[in-house]
Amino acid sequence: MPTAVLTDHERTAVQAYLRLLQTVRAAFDGPPDGCRPPVVPTAALAEAEQALAAAGLAGNEEEFFQLLRSWCPEI
């Protein structure tokens, strides 16, 4: 259960990160064909980067992951 009170920008950043994490997991969980590496859509990366910047967390991964752990401890 979330314990931190997030700003709208922080919540958006956390949600974008979780979507990116799900996308990466899905890419790696796909059938291994050995021909090419898993592909993560650039839109998922861009969304996460934009959300982090809007929340003032770009370049401050330590603060972001502390925020993420306090809001979503099962990650």
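The values are calculated or read from the model by the stated rules, or taken from the named source; none is laboratory data. The structure displayed is predicted, hence computed values, not measured ones. So basically every Cβ, Gly included, is an ideal-geometry build from the backbone, and we count neighbours across all protein chains shown. We work out accessible area using only protein heavy atoms, side chains counted, and drop any ligands, DNA or RNA first. Shrake-Rupley method; radii C 1.70, N 1.55, O 1.52, S 1.80 Å.
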query = Around Ala43, what is the net charge, scoring Lys/Arg as +1 and Asp/Glu as -1 over all other residues with Cβ under 13 Å from its Cβ?
reply = -1
remark   = By accessible area (1.4 Å), largest first, Thr7, Thr42 order as Thr42, Thr7
